[in-house]
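A.B. asks: Please find one structure pasted underneath; my questions will follow.
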Amino acid sequence: MIGKCLAEDKEFGIVYFNATDIQTAGCTARILKVIKHYDDGRLDILTHGQRRFLIKEIYDNKAYLEARITYFDDEEQSDSSCQDLADKGIALLKQFTSFLESQAEYDFTEEMDYKSISFLIAGCEGFSHEEKQRFLEMTSTGERLKKSVASLEKIIERMKITAEIHKIIGGNGNIKRVSGPD
């Protein structure tokens with residue numbers, strides 16, 4: 001399937017499977033680049049999400065699943081708070097990446113619309129697969145921005161606390177007795 005997508009520059013669908021259920025909402029992706037070829041035929045690929053869809057029917061007559069789908073998008077958004085949320089979200093993403101050992105590659109210089117920013121925030125490494133799925137299913141850019149920004153603030157607070165704890169206990173393992181009131 002991936003070979004055909006590469007040869008014909010086609011999109012393919014990605015759907016979250018949580019070990020028991022295939023979710024009904026997914027996203028098409030386009031392959032931007034093959035990062036690595038393995039001897040057994042596997043590939044590491046870099047993709048870019050394109051369009052969200054809902055699964056109507058699944059077909060399992062090939063080595064991979066196919067489905068009849070319908071595409072969906074966000075409702076029109078005229079919320080003036082989106083700009084403030086988008087700006088705050090970008091600032092939080094910059095702060096978030098400063099905590100990561102391997103710096104994530106976010107292009108903050110590219111001009112993006114609110115919807116793109118909302119997905120950039122919602123797709124960051126701090127969120128679980130289930131949380132990312134809920135963001136994917138939302139049809140309001142403003143609501144996605146609001147919830148992802150609020151959640152990212154909490155994630156960063158947790159990261160700050162974790163970093164502080166690592167500073168405290170990250171020494172050589174010897175605990176020094178602190179004198180205090182007896």
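The values are calculated or read from the model by the stated rules, or taken from the named source; none is laboratory data. Keep in mind it's a predicted model, so treat the numbers as computed, not measured. Please note: Cβ atoms are built from the backbone with ideal geometry, for glycine as well, and neighbour counts cover all protein chains shown.
A quick yes/no check of all residues on (1) surrounded by 12 or more Cβ atoms within 10 Å (Cβ to Cβ); (2) at pLDDT below 95; (3) over 27 Å from Val15 (Cα atoms):
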site	(1), (2), (3)
Phe99	yes, yes, yes
Asp107	no, yes, no
Glu110	no, yes, yes
Ser116	yes, yes, no
Ile121	yes, yes, no
Ile156	yes, yes, yes
Thr162	no, yes, yes
Ile168	no, yes, yes
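A.B. asks: Now for a separate question. Take residues that are under 20 Å from the mean Cα position of the chain (by Cα) and tell me which of the strands (runs of 3 or more DSSP E) falling wholly in segment 3-80 contain 3 or more.
C.D. replies: Details: elements: 12-17, 22-37, 43-59, 66-72.
By residue number, 12-17, 22-37, 43-59.
A.B. asks: Next question. Among the candidates Leu93, Leu6, single out the residue that is surrounded by 11 or more Cβ atoms within 10 Å (Cβ to Cβ), assigned by TED's automatic domain parsing to the domain that holds Lys154 and either of a type in the set (Gly, Ala, Ser) or at pLDDT below 95 (or both).
C.D. replies: Leu93
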